[in-house]
Amino acid sequence: MTWQLAPEAFDTVAATSLRRDYYDEVASRYWKRPATSQEIDQGLANDGVELLTSPTGQFVVGRFDGEAVACGGLLMLDSERAELTRVYLRPAFRGKKGAGLLLELLESEARLLGASRMVLNTRLDLVEARSLYVRHGYHEIPAYCRGPYVEICYGKDLGRTD
């Protein structure tokens, strides 16, 4: 049983399926009911995912024994900061070390794009995600953005890029 993680276009069949599952989970938890297919479509429409490609960002997909089960992205906010976004592992594959590998790859990709710091925002009810970030060296920081779902922000120094 092995993990393979690599950059991948956000619009491949695997990436699209993972992005739908991600949105379904976070929206359903927020609304405290299952999201409809139409709501998922609306949530994904014009969500800025096209920026998750070099030089403005990157999208990665993780496979476990060849099956696409994880994804994540990063968006360059400025010349030094990258924002971690759309981090998702299908529930059956959580606890198998894939999330840590996903974060490591996204941090490496951010360094390649020139970032020395990674930031992210999330909701308080996403306790598993918050625990993951803290376990991997992220610390609570003052808000760097605003939005209806921005309840807590985290940051991590990535070290020098040269």
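DSSP beta bridges in the chain, what fraction antiparallel, as a percent rounded to 5?
90 percent
What is the Cα coordinate range of the chain on the first, second and third principal axes, sorted by size from largest, in whole angstrom?
Result, largest extent first: 45, 37, 29 Å.
Mind checking which helices in the chain clear 18 Å along their axis (Cα) and have mean Kyte-Doolittle hydropathy of -1.0 or more, DSSP H runs only?
Numbers: long enough: 13-31 (27 Å, -0.71); 98-112 (21 Å, 0.65).
For the chain, where a helix must reach 18 Å along its axis and average at least -1.0, the hits are 13-31, 98-112.
All other residues with a Cβ under 12 Å from the Cβ of VAL127 taken together, and with Lys, Arg as +1 and Asp, Glu as -1, what is their net charge?
Neighbourhood net charge equals 0.
How much net charge surrounds GLY147 when only the other residues with a Cβ under 13 Å from the Cβ of GLY147 are counted, with Lys and Arg +1 and Asp and Glu -1?
After counting each charged neighbour, the total is -1.
Test of the criteria: in the range 79-162, which GluC sites (Glu not before Pro) are in a DSSP loop and have at most 13 other Cβ atoms within 10 angstrom of their Cβ? Provide the component values of the computation, followed by the final result.
Working: sites: GLU80, GLU83, GLU104, GLU107, GLU109, GLU128, GLU140, GLU151; in loops: GLU80, GLU151.
Loop-located and lightly packed - GLU80.
5 Å is the cut-off here: which amide hydrogens, built 1.01 Å from N in the peptide plane, fall below it relative to ILE141, excluding neighbours closer than 5 in sequence?
Hits under the 5 Å cutoff: CYS153, TYR154, GLY155.
The numbers here are math on the coordinates, done by the rules we state, and not lab data. Keep in mind the model is a prediction, meaning the values are calculated, not measured. Positions of Cβ are generated from backbone atoms using ideal geometry, with glycine treated the same way; all protein chains shown enter the neighbour counts.
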